[in-house]
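Quick notes on the structure that follows.
The values are calculated or read from the model by the stated rules, or taken from the named source; none is laboratory data. Computed from a predicted structure; not experimentally measured. Virtual Cβ from ideal backbone geometry, glycine too; neighbours counted across all protein chains shown. Just so you know, the surface numbers come from the protein's heavy atoms only, side chains and all, with ligands and any DNA or RNA stripped out. Shrake-Rupley method; radii C 1.70, N 1.55, O 1.52, S 1.80 Å.
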Amino acid sequence: MHKPVTLITGTRKGIGKYLAEHYVNKGHIVVGCSRSPIDWKLNHYTHFETDVADENSVRQLFQMIRKNFGRLDNLINNAGIASMNHMALTPLSTVNNILNTNVIGTFLFCREATKLMISKNQGRIVNFTTVATPLKLEGEAIYAASKAAVGSLTEVLARELAPYNITVNAVGPTPIETDLIKSVPKEKMQRLIARQAISRFGTCEDVANVIDFFLNPKSDFITGQNIYLGGV
Amino acid sequence: MHQEILNIVTDSVKQTNQLLKNKAPIEQGENCPLFGSNGYLDSMSLVSLVVSVEEKIEKQFNTPLILADEKAMSQKRSPFATVGTLTTYIEELMREVSHA
Ligand SMILES: NC(=O)c1ccc[n+]([C@@H]2O[C@H](COP(=O)([O-])OP(=O)(O)OC[C@H]3O[C@@H](n4cnc5c(N)ncnc54)[C@H](OP(=O)(O)O)[C@@H]3O)[C@@H](O)[C@H]2O)c1
């Protein structure tokens with residue numbers, strides 16, 4: 001049996017970094033990317049300084065995967081950005097950045113990964129949504145909307161890619177203590193967490209657990225699903 | 001270059017034909033209809049063809065091409081109509097890449 005090749009976006013820090021370690025520990029060959037360089041090292045891990053929304057660099061990354069590994073088994077579209085701001089105070093450049101990374105980036109990686117996966121007639125894609133969408137979180141209008149788009153993309157791609165045995169699912173984390181939510185005021189976070197069925201912060205392990213389930217070969221009948229953590 | 005690309009397209013059509021009940025008549029060479037009104041491919045097999053051609057071009061010429069680019073999708077006469085139109089279209093794309 002060959003080692004699974006797993007591509008994870010946004011691995012410099014936060015959940016993405018945790019997932020890179022998690023899947024290397026599970027025996028995967030992991031390829032990751034982020035805009036800035038990483039300050040850590042890992043065996044069986046290759047890093048690219050790639051902005052997920054830059055089509056040309058994304059294609060180069062996939063060219064390298066095709067050349068070096070000849071296959072891609074799993075894609076985890078973790079890279080994402082947020083910005084806490086009342087909509088009336090949100091500059092257009094922020095809107096563009098969020099949509100580019102969260103929606104366009106996810107789309108480009110899905111598209112290029114699909115091409116590698118189709119030739120092997122198998123594959124697993126996992127996208128990232130957020131509880132900010134169903135909880136209608138004030139101050140996160142564009143972020144929530146961008147992740148709603150990711151949810152919708154996940155559902156349609158699941159249908160378009162089913163004939164090729166590629167599943168497409170999403171995980172929707174609750175707040176997890178990473179840099180992403182650093183700027184959100186404490187009491188706002190507490191109020192948000194209080195609205196979950198299970199009122200606690202999420203952890204990277206919680207996210208990895210859901211992704212493990214989606215990647216499991218036995219999950220070949222699970223597609224187009226979005227699992228929220230915390231009972232949202 | 002024309003012959004090399006034609007060989008790639010032909011190989012990919014043969015490969016795609018394995019998925020099809022109604023096989024594209026590849027013995028017609030460049031006139032072999034692919035996609036569109038007289039075509040043999042449905043959208044699923046077109047995807048397989050595009051993936052296979054892109055992969056072979058990248059291997060042989062070390063150039064990552066995206067066949068389904070804006071131009072291809074907006075042209076009046078689809079580059080995916082026949083083996084010949086697809087081959088010519090790829091040649092054009094390759095020329096653009098080498099001049100870029
Ligand atoms: N933490 C939470 O509370 C929470 C809740 C719900 C959903 N999520 C989702 O979980 C995912 C990971 O979030 P996180 O909390 O780990 O965030 P984080 O700590 O801010 O890390 C984000 C990661 O993505 C990379 N990244 C950002 N923009 C990128 C781009 N354009 N191209 C390539 N890489 C990019 C960053 O590296 P560079 O800066 O070097 O590019 C970094 O490694 C996101 O999709 C987020 O929306 C998080």
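Observations
- Here the Karplus relation 6.51 cos²θ - 1.76 cosθ + 1.60, evaluated at θ = phi - 60°, turns the backbone of segment B:3-11 into coupling constants of 5, 4, 5, 4, 4, 4, 4, 4, 4 Hz, with x for every Gly and Pro.
- Under 5 Å, built H, 5+ apart or other chain: amide partners of A:Ala170: A:Asn127, A:Gln225, A:Asn226, A:Ile227
- Computing FRET efficiency as 1/(1 + (r/R0)^6) for A:Lys26 and A:Leu92, where r is the C-beta to C-beta distance and R0 is 30 Å, gives about 0.10.
- Cα-based equivalent ellipsoid, the protein assembly as shown: semi-axes from gyration tensor eigenvalues, Å: 39, 20, 19
- For trypsin sites (Lys or Arg not before Pro), the sites in segment A:39-139 that DSSP calls loop and that have at most 12 other Cβ atoms within 10 Å are A:Lys41, A:Lys136.
- Net length gained if the chain between A:Gln190 and A:Glu55 were fully extended (0.36 nm per residue, minus Cα distance): 44.8 nm
- Long-range HN-HN contacts of A:Val31 with modeled amide H, under 5 Å: A:Thr6, A:Leu7, A:Ile8, A:Thr46
- Buried area at the A-B interface (accessible, heavy atoms, 1.4 Å probe, summed, Å²): 1100 Å²
- Restricting the trypsin sites (Lys or Arg not before Pro) of segment B:70-100 to loop positions (DSSP other than H, G, I, E, B) with no more than 12 neighbouring Cβ atoms within 10 Å leaves B:Lys76, B:Arg77.
- Low-density loop cleavage sites - chymotrypsin sites (Phe, Trp or Tyr not before Pro) in segment A:116-186, where at most 14 other Cβ are within 10 Å (DSSP): none
- When only the Cβ of Lys, Arg, Asp and Glu is charged (+1, +1, -1, -1), the dipole of the protein assembly as shown relative to its Cα centre reaches about 640 debye.
- Debye, to nearest 20: dipole size of segment A:183-232, +1 on Lys, Arg Cβ, -1 on Asp, Glu Cβ: 340 debye
- Using θ = phi - 60° in the Karplus curve 6.51 cos²θ - 1.76 cosθ + 1.60, the 3J(HN,Hα) couplings for segment A:62-68 round to 5, 4, 5, 4, 4, 5, 7 Hz; x is entered for Gly and Pro.
- Computed E for B:Glu30/A:Lys67 - FRET, C-beta separation, R0 35 angstrom, nearest 0.05: 0.70
- Heavy-atom accessible area, 1.4 Å probe, ligands and nucleic acids excluded: residues of segment B:43-73 down by at least 10 Å² from chain alone: B:Met44, B:Val47, B:Ser48, B:Val51, B:Glu54, B:Glu55, B:Glu58, B:Asn62, B:Pro64, B:Ile66
- Estimated [θ] at 222 nm from DSSP helical runs (n ≥ 4, -39500 (n - 2.57)) normalised by residues in chain A, nearest 500: -12500 deg cm²/dmol
- Relative to one another, the C-alpha centroids of segment A:143-183 and segment A:1-46 are positioned 19 Å apart.
- Taking amide H as placed 1.01 Å from N in the peptide plane, the amide H of A:Gly80 sits under 5 Å from none that are at least 5 places away or on another chain.
- For the protein assembly as shown, carbon and sulfur atoms together expose 52% of the accessible surface, with a 1.4 angstrom probe and every protein chain in place.
- Shielded by partner chains, segment A:107-134 residues - at least 20 Å² of accessible area, 1.4 Å probe, vs chain alone: A:Lys115, A:Ile118, A:Ser119
- Highest-first arrangement of A:208-219, A:80-91, where packing means the average Cβ count within 10 Å: A:208-219, A:80-91
- HN-Hα J in Hz across segment A:117-130 - Karplus 6.51, -1.76, 1.60, θ = phi - 60°, x for Gly and Pro: 6, 4, 5, 9, 6, 6, x, 9, 10, 10, 9, 10, 10, 7
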